[in-house]
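*Asks:* If you scroll down you'll find the structure; I have some questions about it.
The values are calculated or read from the model by the stated rules, or taken from the named source; none is laboratory data. Fair warning: this is a prediction, and the values are worked out from it, not measured in the lab. Cβ placement follows ideal geometry from the backbone for every residue including glycine, while neighbour counts extend to all protein chains displayed. Keep in mind that these areas ignore ligands, DNA and RNA; they rest on the heavy atoms of the full protein, side chains included. Shrake-Rupley method; radii C 1.70, N 1.55, O 1.52, S 1.80 Å.
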Amino acid sequence: MSRYNPYYYLLFVLLIFGAFASMAQNDYGIRIIGLVAFTFSLLFLIQWVYELITKRRKDVIAITELLALVIICAILCLRVFYIRFPFVEIVFGAAGFVFIAAYFLRLLQSWQMLQHKSKAMAILVALFHGSIALYAVSMTIVPFVPAVARPAGAAAFACCLLFVAGGLLKKEMLVEGEKLTVFTYVARVRDRSIVLLSLFVLFTAYMGLTQIGAIPKMYSDEFPQRYFELVNQAEAGNEEPINGHFRHEEFKEKYDLFVKRHLETENK
């Protein structure tokens, strides 16, 4: 895991840079975010192949989690570039539910391993893994059960705050004869938990700050603003497809046709 940390740090910097560039109405910001999503998918794919090929003792949870992350990041990249394919919401939802199941199993494993060694450590690590699982629930169920998505996200943020507060208050705990803080413990685990929680917290901060008007929303001038409003309605689950198509898909087709005819007229 540590061998990928420099790449993760670089991607975080690029993600923040792309977000601020987009909020400053620079269209290249969205392209940077799409590139970051693609690179995350590629890194997870490399780790998935490594788990399958090089390790004799297969970690089924890690393999399942990585495959789900590959699909999720790839679909997020396609969304950034307005590329869709049939049943994309179902594929995204299936990958999300697989990821959630993998993280709940990881939570149970850590609880069983730690509850007899340090109950406080077990509770804090459960909050840590639980916040990631709940964030994934919030992200996954938006198109299907939008009314539950926001409470799930709030519960995830609450778990994250309790984890941080508990870690600061409890400080060092005795685990197998060694004094550790919960932050040291989770940092020693060679998985993607810290990276994923950091991404979720960044996304939560962006959503919260844009809703109260503290920062502007991301900007793109590739399509009219009405297109993005229709996309947001569909992704929030506030619209049912008609004949298998959402309104933003029909809008995009008509807009592309309009632009094509306009260019043909100019070239005559």
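*Asks:* How much of the accessible area of the range 62-200, probe 1.4 Å, is carbon plus sulfur, in whole percent?
*Replies:* Solvent-exposed carbon and sulfur of the range 62-200 make up 72 percent of the total.
*Asks:* Dividing the Cα radius of gyration by the Kirkwood radius, what Rg/Rh value follows for the range 19-115?
*Replies:* 1.08
*Asks:* Once amide H atoms are placed 1.01 Å from N in the peptide plane, what residues at a sequence separation of 5 or more from Val175, or on another chain, have their amide H within under 5 Å of its amide H?
*Replies:* Residues meeting the amide H criterion: Leu180.
*Asks:* For the range 47-63, what does the Karplus curve 6.51 cos²θ - 1.76 cosθ + 1.60, with θ = phi - 60°, yield as ³J(HN,Hα) per residue in whole Hz, taken in order and with x for Gly and Pro?
*Replies:* Listing the rounded values in order: 5, 5, 5, 4, 4, 6, 8, 8, 9, 6, 8, 6, 8, 4, 5, 5, 4 Hz.
*Asks:* Something else now. Loop-only check: which trypsin sites (Lys or Arg not before Pro) in the range 102-182 are DSSP coil with at most 14 other Cβ within 10 angstrom?
*Replies:* Hits after loop and neighbour filter: Lys117, Lys171.
*Asks:* Here is a further query. Would you please give the residues with an amide H less than 5 Å from that of Arg192, counting only those at least 5 places away or on a separate chain, with H modeled from the backbone geometry?
*Replies:* Result for Arg192 returns nothing.
*Asks:* Residue-wise, which Karplus ³J(HN,Hα) couplings in Hz belong to the range 67-84, taking 6.51 cos²θ - 1.76 cosθ + 1.60, θ = phi - 60°, and x for glycine or proline?
*Replies:* Once θ is set to phi - 60°, the couplings for the range 67-84 become 4, 4, 5, 4, 5, 4, 5, 5, 5, 4, 4, 4, 5, 4, 9, 6, 9, 10 Hz.
*Asks:* Then there's this: Compute the separation of the alpha-carbon centres of the range 74-97 and the range 20-39 and state it in Å as a whole number.
*Replies:* For the range 74-97 versus the range 20-39, the Cα centre distance is 18 Å.
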